[in-house]
Amino acid sequence: MDIKLLTELIVVLLIGFRIYTLEKFGIKSAADKLFALYYLKNHYPLIGYTIIFYIFEIIIIEMIALKIVDITLIIIAMIELFMIYRHLFIALRTDDRDDYIDTVIKRMFTTLTYSEYQQIKGELYKIQPKWKLYITEMLVFFFAIWAIEFQ
């Protein structure tokens, strides 16, 4: 087995592990996905950090195994870092999804009217199709495999 194929296999396993673990939580909305990642980080740190930082792990694997710098994955990782990771590493310790989502909304927006708060909360709790919930994982998969194949 050559190094490219082994790298592709590791990428598939990492992304598959993330999707499988998140699916075990039965996520149906953005709020469910955020809380699942937060819960894993707090209760199962080894699994949680592996799942949270899967893009960075793929970037490091590509650098070590194939000596390539995947700019596309770095950009996706930075966007994810800005959009999601800042909501996972907060001082709150709770097992209640509603408390967690309330804290995230209040941290995102300093001044909110009650109707704006309800609208944002409604959007986070709105049931989404699976492809929307896992679009980031699909993009990471396609860009990683593409970079490996054209290396």
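The values are calculated or read from the model by the stated rules, or taken from the named source; none is laboratory data. Since the model is a prediction, treat every value here as computed from it, not as a measurement. As a convention, Cβ positions derive from the backbone with ideal geometry for all residues, glycine included, and neighbour counts pool all protein chains shown. Accessible surface areas use protein heavy atoms only, side chains included; no ligands, DNA or RNA. Shrake-Rupley method; radii C 1.70, N 1.55, O 1.52, S 1.80 Å.
For the chain, the residue among L46, A91, M138 whose Cα projects farthest onto the positive side of the dipole built from Cβ charges is A91. Surface exposure of the chain, expressed per residue as accessible area with a 1.4 Å probe, stands at 58 Å². Taking Cα atoms only, the orientation of helix 54-66 departs from the longest principal axis of the chain by about 10 degrees. Heavy-atom accessible area, probed at 1.4 angstrom with all protein chains present, ranks S115, S29 as S115, S29, highest first.
If each DSSP helix of 4+ residues adds -39,500 (n - 2.57) and the sum is divided by the residues in the chain, what number results at 222 nm, nearest 500 deg cm²/dmol? Computed ellipticity for the chain at 222 nm equals -22500 deg cm²/dmol. Measuring nothing but protein heavy atoms, the accessible surface of the chain at 1.4 Å probe radius is 69 percent carbon and sulfur. The alpha carbons of region 3-150 give a radius of gyration and a Dmax of 16.5, 55 Å, in that order. Think of region 3-150 as a dipole: +1 on every Lys or Arg Cβ, -1 on every Asp or Glu Cβ, centred on the Cα centre; then among S29, G16, L6, S29 lies furthest on the positive end.
Between helix 3-24 and the chain there is an angle of about 20 degrees, using the helix long axis and the longest principal axis of the Cα atoms.
For the pair I47 and I90 in one chain, pulling the backbone fully straight at 0.36 nm per residue adds 13.7 nm over the alpha carbon distance. Note on I47: accessible area approximately 70 square angstrom, rounded to 10, probe 1.4 Å, nucleic acids and ligands left out.
Annotation: for a label point projected 7 angstrom from Cα along Cα→Cβ of R107, residues of region 23-64 with backbone N closer than 19 Å are 30-46, 48-54. For the chain, the longest principal axis of the C-alpha atoms and the axis of helix 71-80 are separated by about 20°.
What residue among L22, L88, L139 has the largest mean-square fluctuation in a Gaussian network model of the chain, using Cα springs under 10 Å? The residue that fluctuates most here is L139.
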